[in-house]
Amino acid sequence: MTINVSEFYRNAKRWDVLEQKIFPKLLAENKRLKIWSAACSTGEEPYTTAMVLSHHQPLSQISILATDLDENAIQRAKVGIYPERSLAEVPAHVKSKYFEKQAAFYKVDDAIKRTVTFKKHNLLKDTYEKNFDLIICRNVMIYFTEEAKDQIYKNFSNSLKPGGILFVGSTEQIFNPGNYGFETEDTFFYRKK
Ligand SMILES: C[S@@+](CC[C@H](N)C(=O)[O-])C[C@H]1O[C@@H](n2cnc3c(N)ncnc32)[C@H](O)[C@@H]1O
């Protein structure tokens, strides 16, 4: 079962928190952030991350791992061409800077595309890389059992550096963050202790 619905700046207010609060704190510790967009679908989420982080540092310093189970979604993400409805929440200045209109579609700027490395990864089976400053995993946990969610949150906690942040979807609040070694940093953002 894979439902690939995504969009740029999904729940835009959360991306404002990422830009204005979370990234400045992380960058105060370390200029080369290790970032993972897990279950990235067709790429809107990791590309949004690069656009938001570009307000703090040059694209040449940005590197984002983006993974999904679905190889077709990954292929579409690599192409980077989207219908207008996917861009509904993109701020006007970002849209003019990082998208090129091609007939009824919008192509993501190549410099943004170069910041993202796409790979196939199954959150339920595959090993997790370590030492991330930021893991973004949104709008996928709803598909998993409580047992699977518990294991995935443990894995994310083990994959984050102390002080690293987990950014979840707007229906995916963690009710017992302390069980995973997290404390709440902001709504839908958890800091690894
Ligand atoms: C609704 S999309 C969310 C996309 C994006 N994170 C967002 O919030 O807009 C859910 C994605 O989870 C992926 N997915 C489902 N099960 C997965 C698994 N076990 N491991 C990795 N990705 C999975 C699907 O392929 C789909 O692309």
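The values are calculated or read from the model by the stated rules, or taken from the named source; none is laboratory data. Nothing here was measured: the structure is a model prediction, and the numbers come from that model. Quick reminder, even Gly has a Cβ in these numbers, built from the backbone with ideal geometry, and neighbours come from all protein chains shown. All accessible areas refer to the heavy atoms of the entire protein, side chains included, with ligands and DNA or RNA removed. Shrake-Rupley method; radii C 1.70, N 1.55, O 1.52, S 1.80 Å.
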Check your understanding: If we count every other residue with Cβ under 15 angstrom of I62's Cβ, Lys/Arg +1 and Asp/Glu -1, where does the sum land?
Key -> +1
Check your understanding: Given springs between every Cα pair under 10 Å in a Gaussian network model of the chain, which of R76, R114, R85 has the largest fluctuation?
Key -> R85
Practice item. Find the Rg to Rh ratio for the stretch 1-71, where Rh is the Kirkwood radius over alpha-carbon pairs and Rg uses the same atoms. Key: 0.98
Review point. In a solvent-free Debye calculation with one equal scatterer on each Cα, what is log10 I(q)/I(0) for the stretch 45-193 at q = 0.10 Å⁻¹, listed in the order of the q values?
Key: -0.39
Check your understanding: Over the stretch 105-193, what is the mean sequence separation of C-alpha contacts under 8 Å (at least six apart), divided by residue count, expressed as relative contact order in percent?
Key -> 27 percent
Point to revise | Global form of the stretch 108-187, assessed from the alpha-carbon gyration tensor, a/c cut-off 1.5 | key: prolate
Practice item. Report the extension gain between D150 and R76 in nm, rounded to one decimal, defined as 0.36 nm multiplied by the number of residues separating them, less their alpha carbon distance. Key: 23.6 nm
Study note, to complete from the structure: Probe 1.4 Å, heavy atoms of protein chains only: per residue, the accessible area of the chain in Å² is 49 Å²
**Study point:** Efficiency of FRET between E172 and K119 - r from beta-carbon atoms, R0 30 angstrom, step 0.05
**Key:** 0.85
Exercise for review: First compute the accessible area of the chain with a 1.4 Å probe, then give the percent of it belonging to carbon and sulfur atoms.
Suggested key: 49 percent
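Please give the net charge around I81, taking every other residue with its beta carbon less than 14 angstrom from that of I81, where Lys and Arg add +1 and Asp and Glu add -1.
Residues close to I81 contribute a combined charge of +1.
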Practice item. Quote the relative contact order of the chain in percent (integer), defining contacts as alpha-carbon pairs under 8 Å separated by 6+ residues. Key: 21 percent
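Given the Cα-Cα distance of Q20 and E89 and 0.36 nm per residue of separation, how much length would full extension add, in nm?
Length gained between Q20 and E89: 23.1 nm.
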Point to revise | Top positive-direction residue, dipole computed over the stretch 132-193 with Cβ charges, set G163, Y143, F189 | key: G163
